[in-house]
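Single-structure report; data block below.
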Amino acid sequence: MGNATEGLVCVQYRLIAAIFVFLYYVYNVIAGFVYGDTTPKKLPRTENDIFKKSATQLAREIRQRKITSTIVVSAFIERQKQVNPIINAIVADRYDDALFEAKEVDKFLAETTKTEDEIANDKPLLGVPVTIKESCSVKGLNLVVGARERIGIKAEENGAAVQKLVNAGAIPLCVTTTPEFCLSTETNNLVTGKTNNPYNVNYASGGSSGGEGAIISSAGSVIGIGSDLAGSIRIPAAFCGIFGHKPSTGLVDLVGHVPYSEEVIFQKMLTIGPLCRYAEDLLLMTKILTENNSLLQLDDPVKLSNLKMYYMVDGGSCFGSMGVHKKIKQRIRDAVDHFRKTWDCDMSDCKFDEVQYTNEANLTFMLSFDDKQYNPNLSILFQLLKTIFGKADISAARLFYLCVKNDKFIMPNDVEKMKHFVDFLADKINKELGDNGVFFYPVFPSSAFRHGMSVFTSSSMSYLSLANITGLPATTIPVGFIENGLPIGIQVMAGKNQDRLCLSVAKELETVFGGWMSPY
């Protein structure tokens with residue numbers, strides 16, 4: 001380990017991170033006195049059985065003519081109209097087109113001679129509504145991604161991932177909010193404003209797929225897709241009490257995503273994946289998005305008793321990191337204990353101590369990206385002054401990224417050193433996990449934070465970015481709530497292309513922890 005990790009610590013970064021963590025806790029104490037525990041506005045209740053069914057089940061009932069696509073699509077459109085004024089998760093909709101497409105599905109089913117199995121094979125999501133993170137390109141809808149200079153830009157074609165869903169019979173309803181250029185763990189920008197957490201509107205929904213997390217958790221959608229460069233699927237899933245899966249690197253076509261880069265590191269770190277309320281939908285969505293890639297063996301059942309358990313309840317001795325909430329640590333132990341007691345799974349005492357350097361690697365890679373797509377050719381100093389007076393042209397999160405990048409406190413020659421370290425770390429984890437090992441780890445140290453606090457939690461990205469820099473699959477699993485009434489999640493990782501292990505574990509733990517629990 002010595003050579004691979006030697007000289008990786010960035011003292012400047014860790015000092016700044018420690019200051020941010022201190023400010024985070026101070027702000028929370030002050031906010032507690034100022035805002036107290038006032039009851040937030042609640043989402044309207046609904047008893048419609050449609051919202052209690054998975055996309056897999058809805059697709060099956062549509063194929064069996066037990067319910068029409070028109071009824072399902074109409075129900076989700078009405079639900080979106082109910083909840084969006086509270087959570088602010090929708091950028092633009094295509095409701096009229098969606099209803100037309102639903103009627104066409106119903107007409108097809110009334111006339112076709114195809115069997116139910118043939119339809120399921122050809123179009124497994126036939127007639128099921130879906131929502132899409134705005135950055136993933138839906139033809140004719142906004143492709144602004146929260147940037148003022150992109151106002152008016154619409155997608156000319158569906159992104160590759162979106163088209164796969166459409167080919168599978170899904171009906172897009174809308175595109176959902178992101179932070180500016182997806183550069184934050186909170187979904188807030190100067191175009192659409194902030195997206196609220198469904199469980200408490202005073203808190204963030206996460207980012208950068210925060211709109212998806214909020215609308216799905218609110219029962220305004222049953223399934224959706226987001227993108228994940230450094231946890232952007234998994235943190236909204238954890239904050240909003242739903243499931244989210246980051247597939248193994250290179251499995252899902254990224255064409256049509258904004259931002260986009262041909263850089264190798266960018267392509268390795270970014271992936272597109274599903275978010276949903278019910279765990280069984282993860283498998284169906286992953287099959288569709290990866291075109292059931294033979295590498296994944298998704299149709300092969302996972303024998304849970306053959307799994308080997310690895311876990312860490314925190315990131316090790318990493319100065320400047322937030323402490324992990326005791327309930328999250330306990331839920332990780334509970335998950336491991338369940339598999340040990342119920343399935344007699346083997347336990348490993350191996351710990352991946354090198355994860356304490358993950359933040360340095362993630363930050364080094366993020367700062368190495370070509371910034372042409374992020375830099376609006378504006379004076380950073382001038383923008384800082386405008387921000388102070390509330391007149392900024394770019395969001396605080398984007399400005400912070402540009403300031404850090406411009407400062408160059410991590411030198412460019414660190415990139416090669418970090419590549420060497422990450423190759424070493426990925427190789428170590430892959431070899432240890434093999435084809436039957438799963439690794440439980442926090443998604444984030446706490447539940448959702450209050451609005452405006454994302455920059456102060458930047459050191460907590462290490463839990464999320466581990467899967468991005470190594471290319472491993474990772475799934476967020478909702479595991480209940482903490483004292484403030486907000487949901488928490490844990491994540492499970494597996495070896496490269498062993499996504500089916502993560503998905504099987506998620507489905508098993510849904511029965512243990514209860515899965516999604518409605519915020520209304």
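My understanding is that a pair violates if its Cα-Cα distance is over 18 Å; which of K303/K507; K154/K287; K246/K268; K123/K496; K194/K268 do that in this structure?
K154/K287; K123/K496; K194/K268
What is region 117-179 by shape, rounded, prolate or oblate, if you read a ≥ b ≥ c off the alpha carbon gyration tensor as root eigenvalues and call it rounded for a/c under 1.5, prolate for a/b larger than b/c, and oblate otherwise?
Values: a/c = 3.58, a/b = 2.74, b/c = 1.31.
Verdict is prolate for region 117-179.
With θ set to phi - 60° and the Karplus curve 6.51 cos²θ - 1.76 cosθ + 1.60, what are the ³J(HN,Hα) couplings of region 203-212 in order, to the nearest whole Hz, using x for Gly and Pro?
10, 6, 8, x, x, 9, 8, x, x, 5
Trypsin sites (Lys or Arg not before Pro) within region 264-334: which are DSSP loop residues with at most 14 other Cβ atoms inside 10 Å? Working shown, then result.
Details: sites: K268, R277, K287, K303, K308, K326, K327, K329, R331, R333; in loops: R277, K303.
Counting only loop positions with at most 14 other Cβ atoms within 10 Å, the trypsin sites (Lys or Arg not before Pro) in region 264-334 are K303.
Hey, what number do you get for the chain at 222 nm if only DSSP H runs of n ≥ 4 count, each worth -39500 (n - 2.57), divided across all residues, to the nearest 500? It would help to have the intermediate numbers written out before the result.
Numbers: 18 runs with 214 residues, N = 520.
-12500 deg cm²/dmol, from helical runs alone.
Using alpha carbon centroids, what distance separates region 266-322 and region 195-254, in Å?
With region 266-322 and region 195-254 each reduced to a Cα centre, they are spaced 14 Å.
Tell me, what is the FRET efficiency for I151 and T387 to the nearest 0.05, using R0 = 22 angstrom and their Cβ-Cβ distance as r? List each step's numbers first, then the result.
Values: r = 19 Å, r/R0 = 0.87.
That pair, I151 with T387, gives E of 0.70.
Determine the distance separating the Cα centre of region 1-74 from the Cα centre of region 85-133; give it in Å without decimals.
Each part's Cα centre sits 26 Å from the other's.
What is the calculated FRET efficiency for Y27 to Y520, with r their C-beta to C-beta distance and R₀ = 30 Å, to the nearest 0.05?
Once rounded, the FRET efficiency stands at 0.60.
Check each of the chymotrypsin sites (Phe, Trp or Tyr not before Pro) in region 356-392 and keep only those in coil by DSSP with at most 15 other C-beta atoms within 10 angstrom; list them in order.
The qualifying sites are F389.
If a paramagnetic tag sat 7 Å from the Cα of H420 along the Cα-Cβ line, which residues of region 446-478 would have the backbone N under 18 Å from that point?
Answer for this model: none.
May I ask you to evaluate 6.51 cos²θ - 1.76 cosθ + 1.60, the Karplus curve with θ = phi - 60°, for each residue of region 137-154 and list the ³J(HN,Hα) values in order in whole Hz, giving x for glycine and proline?
Calculated HN-Hα couplings, in order: 6, 10, 3, x, 9, 3, 10, 8, 6, x, 9, 4, 6, 9, 4, x, 7, 10 Hz.
Tell me which residues come under 5 Å, amide H to amide H, from N158 once H is placed; ignore anything under 5 positions away on its chain.
Sorted by chain and number, the residues that satisfy this are K139.
Calculate one ³J(HN,Hα) per residue across region 353-360 by plugging θ = phi - 60° into the Karplus curve 6.51 cos²θ - 1.76 cosθ + 1.60, and present them in order as whole Hz with x for glycine and proline.
Going residue by residue, I get 4, 5, 5, 5, 9, 4, 4, 4 Hz, with x marking Gly and Pro.
Can you list the residues, at least 5 places off or on another chain, whose amide H is less than 5 Å from the amide H of I223, using H built in the peptide plane?
Correct list: T131.
Can you list residues whose amide H is under 5 Å from K308's amide H, if they're 5+ apart or on another chain and H is modeled 1.01 Å from N?
For K308, the qualifying residues are G437, V438.
Direction-averaged shadow area of the convex hull around the Cα atoms of the chain, nm²?
One quarter of the hull surface, i.e. the mean projection, equals 22.6 nm².
Please report the antiparallel percentage of DSSP beta bridges with both residues in region 93-223, rounded to the nearest 5.
55 percent
Suppose R0 equals 30 Å; then what is the FRET efficiency for W343 and K428 from their Cβ-Cβ distance, rounded to the nearest 0.05? Present the calculation step by step, with values, prior to reporting the outcome.
Numbers: r = 26 Å, r/R0 = 0.86.
Efficiency computed from Cβ-Cβ geometry: 0.70.
Laboratory data are not the source of any read-out in this text; all were calculated from the coordinates shown. If you're wondering where the values come from, they're calculated on a predicted model, not measured in any experiment. Methodologically, a virtual Cβ is constructed for each residue, glycine included, from the backbone with ideal geometry; neighbour enumeration extends over all protein chains shown.
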